[in-house]
There are 4 protein chains.
Amino acid sequence: MKRRVAVLGATGIVGQRFVQLLADHPWFELELLMASERSAGRKYVEAVHWVLEKPMPKKVYDMQLYPIDLNMLGKERIDIVFTALPSDAAKELEPQIAKKGIVVVSNASSMRLEPDIPLLNPEVNADHVEIIEVQRRVRGWSGAIAKVPNCTTAIVSLTLKPLLDEFGIGKVVVSTMQALSGAGLTGVPSMFILDNLIPYIEGEEDKVETESRKILGFVKGNAIEFNNSVDVTASCHRVMVLEGHTAAVFVELKKKVSIDEVAKAMEEFRGNKIRGLDLPTAPPKPIVVRKEVDRPQPRLDRMEGNGMSVVVGRIREDRVLNGVKYVVLGHNTIRGAAGNGVLIAELLVKKGYA
Amino acid sequence: MKRRVAVLGATGIVGQRFVQLLADHPWFELELLMASERSAGRKYVEAVHWVLEKPMPKKVYDMQLYPIDLNMLGKERIDIVFTALPSDAAKELEPQIAKKGIVVVSNASSMRLEPDIPLLNPEVNADHVEIIEVQRRVRGWSGAIAKVPNCTTAIVSLTLKPLLDEFGIGKVVVSTMQALSGAGLTGVPSMFILDNLIPYIEGEEDKVETESRKILGFVKGNAIEFNNSVDVTASCHRVMVLEGHTAAVFVELKKKVSIDEVAKAMEEFRGNKIRGLDLPTAPPKPIVVRKEVDRPQPRLDRMEGNGMSVVVGRIREDRVLNGVKYVVLGHNTIRGAAGNGVLIAELLVKKGYA
Amino acid sequence: MKRRVAVLGATGIVGQRFVQLLADHPWFELELLMASERSAGRKYVEAVHWVLEKPMPKKVYDMQLYPIDLNMLGKERIDIVFTALPSDAAKELEPQIAKKGIVVVSNASSMRLEPDIPLLNPEVNADHVEIIEVQRRVRGWSGAIAKVPNCTTAIVSLTLKPLLDEFGIGKVVVSTMQALSGAGLTGVPSMFILDNLIPYIEGEEDKVETESRKILGFVKGNAIEFNNSVDVTASCHRVMVLEGHTAAVFVELKKKVSIDEVAKAMEEFRGNKIRGLDLPTAPPKPIVVRKEVDRPQPRLDRMEGNGMSVVVGRIREDRVLNGVKYVVLGHNTIRGAAGNGVLIAELLVKKGYA
Amino acid sequence: MKRRVAVLGATGIVGQRFVQLLADHPWFELELLMASERSAGRKYVEAVHWVLEKPMPKKVYDMQLYPIDLNMLGKERIDIVFTALPSDAAKELEPQIAKKGIVVVSNASSMRLEPDIPLLNPEVNADHVEIIEVQRRVRGWSGAIAKVPNCTTAIVSLTLKPLLDEFGIGKVVVSTMQALSGAGLTGVPSMFILDNLIPYIEGEEDKVETESRKILGFVKGNAIEFNNSVDVTASCHRVMVLEGHTAAVFVELKKKVSIDEVAKAMEEFRGNKIRGLDLPTAPPKPIVVRKEVDRPQPRLDRMEGNGMSVVVGRIREDRVLNGVKYVVLGHNTIRGAAGNGVLIAELLVKKGYA
């Protein structure tokens, strides 16, 4: 029996991705779309400025857009809510929805660092879901909140996981080239970015540095504990690319290994934590390694694994950090946002939390 | 009395910059333009696909383009040759020109690492010019060869110099976002880069890692010795920007200092080595530090100091490398190529080598 | 039984589209790929710089690329050859292939205007195929040559056809904004087009003005006669768009009609000439009319009908030409090249010519 | 003695151009900057997101931004007000300023078509200034309002004038490719325009069609009469170019003339109406004709005549309209807005109206 789902913030770019991925989902039935007052009351096809590479699914054309109203979100009607809300609104609304017995899968940055809120990148830390038991007990919720990590962090941490497991890692330096879609539909005016780049994304570096340590951490008693052996510094930059975040990553490895061993560890990584669960949105290979000297490239590689795989290239020795350096690319609104959200929801269903 | 100068490889993008900067130079008279067989025999205005932001100087319109012919390059006619040739051609031709008694200021990568060839970023290492004495003695030249460093290296090393002098530096991680012009006029097809980036530039990372150590090195006896305390690792990427290379730089500092002290060291850096020489192309401030959170930006900042200053922003503490991280931008075909070449030539004149 | 097909010029952008469209075609089996000497001898996956929005079909990865060799093109091996060759090579080779009994569907501009060579935009002039009888008789061929029209002409003429049939047309003014892919993989250097446009495409205006009259013409005896009542003037420009040619079209109409009647004529146009033939590549609606004020847009609309529909918007009265003006967009390498070529081949099969 | 001037709407893109052009003007002293409430109270350097190709003039850094307050605009303090306000605000405020005895040069579209308001493109219709006598008499103003035409109209009408005068013109078809800056600093989100174009600009086509006839009209008694022999139809499109509007223009000529005669008429056009007035902002040649097949191009040609010349290329015969077709490019925020505004103010000073 399909879970009935709602999308809150359905008109923005992450909302559009949620709608695209949920319109024909085998486990989920898209029941309800909510958005800001400005759009509410109109049909989806009329209210949204659709910008995705494939046309809007016909079946959502005539869905009504409702204003965000907690009264419409009852357990009898909705099982899972996907949110693509601004952080402030999310902070206020999401706990109330969880209290009503609904499971919230949220793309907002609020509460991401709280010790009883799982911050999930399923191939990396699917086992963190069990903290929901604590969350429910402590907060008195029958629903739950699970968080989608920051887009860049989701992409980079996927590649750090096999390195951490196989060789141990220490210092990590990350320098990003991030897509326009990360700033939302209208976030970057064309006059500001054409023939240009913007070397600043508010809050992003801090998220990469902090969230990585939570995702790579462990459940201990009533909390998720950060992995403080992972020591990340980031510099984040916006470039003129529609979709796909690219990061140059320099990693100190605790063991002396060859480039081939690193490539192998990444290529063979399947995310043991979700192996065998047959989650529909899980890509066959979370990390695809390319050998060409000039890959990954956003326009050519972002749709790998339907946008759920990250693509790694240019793995080379790094004498300075005593480890390796490489380039990783991931689709920021799929792997880094809505796609990861849907994968998390699938995990929650499979594990009996939703 | 003005020095008579020639430009070899005058039709490419670096050649165009040389022509632009030399057309009205107070110390140099542009006498001769040479280019490949394909362009030779035509007027400059007809042969060149001029792409610079200002129109071609009227006075070069009708200059004849000659094929590259050493017989035309005699001491009686030309004092200084600026070359923007491919590396292979440069390797063969430049020593022959130097032998004829002409001073060669070369943008080609050949010979950059030879111990008696100065690799000059004047504000950083103007004192290296003295190695020309060795060069002349050993090679039996009456002319000389001085090399312009790789564009990225010139830009980044300018910012490393005050840090090295004031605080001492160790590990350096550099991740670049480089302009299209760095690949030459037709180097990057638009179908390859629109809505995309290319995470590879042939040979670039190696140049940044190696040339930095020579530029920051010292003359010792008959050779320029590399500064091996500087330990650079680089990842280089091409983005859709016309001009201006941006680099995220992470630097280990040997002393514990505040962000303000770092900013001050950069801002007050004047390149002691050329101070007081009154070189016409030297910018008032080699490093301009901006306080805004979102600067430097290529389109807005690349013309700072007529393209000869680099612009630094976002200086922040780096706990991971025990030092600082910052973003630096420089004009790759001015500061990183032709502009630096002209500045080097001015230095050579002032010091009596040309 | 599937027809066995070859693609000549398989590595360029039109060649890539042919390969993409033929890899899983219900009627055609891709048997042979040929390209220039430079690529020949390598596997397709290694030789081609694939730039299409979807990854290269796995089944062509290991296909061998052969040099262009007429000896390999025998009737016993290949039924249909699709060519994406430069005009000069096409002019020489295509008649020889047709002579061998093979049907050639050619994207090259050579021979497009010859009276016994059909220039096909199937929804518009499928009946022109019958001229192949004349072609075979006169030229002594057992094969045949059919030509794909110029990309812009294919797109614009599709919209002119219903206007011509329903209302009669006279003067037509066409001003285009054409995609980079129209110039081939490496045709437009990024330094020439970023923050720019190029108001010239060699030969294009003449093709639009002349080919339109042939496509809208009629078979008369042994020749296709041009429709000289259609009087087209064009101005063609290149803009920074990857795929999709947009044209502003101003048309004099012989009858006074309303905007709604014009929209209806376009929307209801089904290309009677191929109706009921069930050609797999024919789109359900050759012309899709949109009502929004700001459509069509290349990135959002080019894949309409899998790239085989053109999208028309902004139909409005034109008092100056006594008719209408509108904007039309079509996918230049699908509807305007390879897709149209495949549709033509399907037509030839259905009509018994291949 | 210099006129004291103010800029209203000083932070937008046209406002920035006004500030740039007025900062060092020989006849004008920039006294006062006003902007919306949001920016007011701050220094110019802090409030504005400066995007022009040259850095902000140092002398305006510390100018205070005031909210728009009519009380501050007194004859004793300000002689001329340049406005870059939204149309609604302009409609309300400008007449009140004119009433106070101040001369208003306005870039807003309000009132452009009123019979006693001159719509000036000085080289074309400087003589229309005399209607200010009527305006003052009828409206009881001691100041005045003069309007800057729509950007596209200013650019195109400059080329139509010599054709009209020398050969007579009839039907005119205009298809534009307009720069992002025309939509203001933040008007076009990058997600909407990258790898795309937008075939619609609100109100633009109507302005081109109507304003052209007023600019090419004549003063007759108490009104400026439209030139109804000029019959313009336009289609307007936004492309990914920072600055510079390009238009393909097709013109019916009343006389049969050669291409060379047309080129000559344009090249020799000096705008008789302002010849000999020595207005500082008037370019030496209002129209520059280029012979290369692929010019004009926005990035290469927009700064011709410091952005005040338009550049025409590709003049060719047009058999369909019985005339010529050509491509024209002009700098939309200089020739098409602020630059034209400054030129108009210079004209008003010279003619004794300001």
If we count other beta carbons within 10 Å of each Cβ, what is the order of B:ARG319, A:ARG17, B:ARG112, fewest first?
B:ARG319, B:ARG112, A:ARG17
Per residue, how big is the convex hull around the C-alpha atoms of the range A:1-120? Give it to me in cubic angstrom, could you?
115
Computed over all unlike Cα pairs, the Kirkwood hydrodynamic radius of chain C in Å stands at 20.3
Of all the residues in chain D, which one has the C-beta that comes nearest the axis relating D to C, and what is the distance in Å?
D:SER175, 2
Please list, in chain and number order, the residues 5+ apart from D:LEU277 or on another chain whose amide H is under 5 Å from its amide H, with Hs placed from the backbone.
none
Under 18 Å Cα to Cα from D:LYS214, which lysines show up? Leave out anything in the same chain fewer than 8 places away.
D:LYS147, D:LYS161, D:LYS171, D:LYS273
Relative contact order of the range C:151-331, pairs being alpha-carbon contacts under 8 Å that are 6 or more residues apart, as %
27
Largest-first principal axis extents, alpha carbons of the range D:136-179, Å
40, 31, 14
Please list the non-local residues whose amide H lies under 5 Å from the amide H of C:ILE102, H modeled 1.01 Å from N, same-chain partners needing a gap of 5 or more.
C:GLY143, C:ALA144
For chain A, set up a Gaussian network in which alpha carbons nearer than 10 Å are linked by springs, and say which option among A:LEU70, A:LEU119, A:LEU85 fluctuates the most.
A:LEU70
With Cα springs under 10 Å, the Gaussian network model of chain D assigns the largest mean-square fluctuation among D:ALA282, D:ALA265, D:ALA247 to D:ALA265
Please get the size of the charge dipole for the protein assembly as shown, origin at its Cα centre, with Cβ charges of +1 on Lys and Arg and -1 on Asp and Glu, quoted in debye to the nearest 20.
0
Chain A - mean residue ellipticity at 222 nm from DSSP helices (-39,500 (n - 2.57) per run, n ≥ 4, rounded to 500):
-8000 deg cm²/dmol
Sort B:HIS331, B:HIS128, B:HIS25 so that the residue with the fewest other Cβ atoms within 10 Å of its own Cβ comes first and the one with the most comes last.
B:HIS25, B:HIS128, B:HIS331
Where in chain B is the longest stretch that carries no GluC sites (Glu not before Pro) classed as loop by DSSP and with at most 12 other Cβ atoms within 10 Å?
B:77-201
If you line up the Cα atoms of the range D:151-331 on their principal axes, what length do they span on each, largest first, in Å?
46, 41, 41
Students often get this wrong: which residues of the range A:13-33 have the backbone nitrogen under 11 Å from the point 7 angstrom along Cα-to-C-beta of A:LYS54?
A:20-25
What percent do you get for the relative contact order of chain D when only Cα pairs under 8 Å and 6+ apart count?
18
For the range B:2-16, Karplus couplings with θ = phi - 60° (6.51, -1.76, 1.60), whole Hz, Gly/Pro x
5, 6, 8, 10, 10, 10, 9, x, 7, 9, x, 6, 6, x, 4
Expressed as a whole number of Å, what is the distance separating the alpha-carbon centroids of the range C:216-286 and the range A:34-85?
38
Could you give the nm distance between label points at C:LYS99 and B:VAL293, where each point is 7 Å from its Cα heading toward the beta carbon?
7.3
Residues listed by number, the range B:282-296, amide nitrogen under 16 Å from B:LYS264 label point at 7 Å toward C-beta:
B:289
Could I have the simple spin-label model distance between C:ARG137 and D:ARG319, label points 7 Å from Cα toward Cβ, reported in nm to one decimal?
3.1
If you plug each phi of the range D:204-211 into the Karplus form 6.51 cos²θ - 1.76 cosθ + 1.60 with θ = phi - 60°, what whole-Hz ³J(HN,Hα) values come out, in order, with x for Gly and Pro?
5, 4, 4, 4, 4, 5, 8, 4
Amide H within-cut-off set for A:ARG4, under 5 Å, with H built and near neighbours excluded:
A:GLU29, A:ASP79, A:ILE80
So if I place +1 on the C-beta of Lys and Arg and -1 on the C-beta of Asp and Glu, and nothing else carries charge, what would the dipole magnitude of the range D:151-331 be about its Cα centre? I want it in debye, nearest 20.
420
So the FRET efficiency between C:ASP62 and C:ASP278, C-beta based with R0 = 51 Å and rounded to 0.05, is 0.95
Cross-link partners of D:LYS2 among aspartates and glutamates (Cα-Cα below 17 Å; sequence separation of 8 or more within a chain):
D:ASP24, D:GLU29, D:GLU31, D:GLU76, D:ASP79, D:ASP278, D:GLU346
Over 46 Å, how big is the tail of the calculated P(r) for the protein assembly as shown, in percent of all Cα pairs?
45
Chymotrypsin sites (Phe, Trp or Tyr not before Pro) in the range A:32-131 lying in a DSSP loop, each with at most 12 other Cβ atoms within 10 Å of its Cβ, come to A:TYR61
Karplus 3J(HN,Hα) series, Hz, for the range B:142-147 with 6.51 cos²θ - 1.76 cosθ + 1.60 (x for Gly, Pro)
9, x, 6, 10, 10, 10
Among C:VAL320, C:VAL288, C:VAL105, whose mean-square fluctuation peaks in a Gaussian network model of chain C (Cα, cutoff 10 Å)?
C:VAL320
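Bear in mind that the values in this text are calculations on the coordinates, not laboratory data. What you are looking at is a predicted structure, and each value in this text was computed from that prediction instead of being measured. In this analysis, Cβ positions are derived from the backbone assuming ideal geometry, glycine residues included, and neighbour counts consider all displayed protein chains.
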